[in-house]
Amino acid sequence: MKIALFTFLITLAATATGADITDEELSMLYEKPSVFESLPKTRWIAESKNAYVVHDGYPQAPKHMLVIPKKRIPTILQASPDLIGEMVILANQVAKKEGLEKNGFRMVINTHPDGGQSVYHLHIHILGGRQMKWPPG
């Protein structure tokens, strides 16, 4: 187990330097447990048929929420267009509810290591309440 963890950490370090990730390394990322699977429904601030919204536990803006599918899907690459549409509609509803409609907000989906994804359970970040900078990172 220690060797596998060490190999996994080296893999992450290699991907952070721009090296191509292998299919095996990607499979390991997809199999990592999702923190979203253990979130209690009491934390949900909104939901639709296939998704729900929570406040981010590590906010990067004064308003930072996450739209998460109820069924675990690793990335946007595996999501159906219908689910993505439903999640964006829910994100819009929550942004309005949170008072972000007039001044604006940002929606972000991180995908794979170079895209900044750290939790392999698709989610949309809704960020607002301050001026967003460009380029983002």
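All other residues with a Cβ under 14 Å from the Cβ of His121 taken together, and with Lys, Arg as +1 and Asp, Glu as -1, what is their net charge?
Numbers: positive: Lys32, Lys70, Lys71, Arg72; negative: Glu31, Glu37, Asp56.
Counting the neighbours of His121, the net charge comes to +1.
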Less than 13 Å Cβ to Cβ from Val35, Lys/Arg counted +1 and Asp/Glu -1: what total charge do the surrounding residues give?
+1
Distance check, please: which entries in Lys49/Lys133; Lys71/Lys133; Lys41/Lys133; Lys49/Lys97 exceed 26 angstrom between their Cα atoms?
Lys49/Lys133; Lys71/Lys133; Lys41/Lys133
Of the listed peptides 39-49, 126-136, what is their order by residue-averaged count of other C-beta atoms within 10 Å, with the highest listed first?
126-136, 39-49
Mind giving me the nanometre distance, one decimal, between the label points for Glu47 and Ile89, set 7 Å out from Cα along Cα→Cβ?
1.7
Neighbour-count order for Val53, Val35, fewest beta carbons within 10 angstrom listed first:
Val35, Val53
Which label in (1) 15.6, 55; (2) 14.4, 43; (3) 16.1, 51 gives the computed Rg and Dmax of the Cα atoms in Å:
(3)
With the 8 Å Cα cutoff and a minimum separation of six or more residues, the chain has a relative contact order in percent of 26
If you take the beta carbon distance between Lys96 and Ser118 as r and set R0 to 25 Å, what does 1/(1 + (r/R0)^6) give as a FRET efficiency, to the nearest 0.05?
0.35
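Taken together, the values in this text are just the output of simple stated rules run on the coordinates, not laboratory data. For clarity, every value in this text was computed on a predicted model and none was experimentally measured. Glycine also receives a Cβ, built like all others from the backbone with ideal geometry; neighbour counts cover every protein chain displayed.
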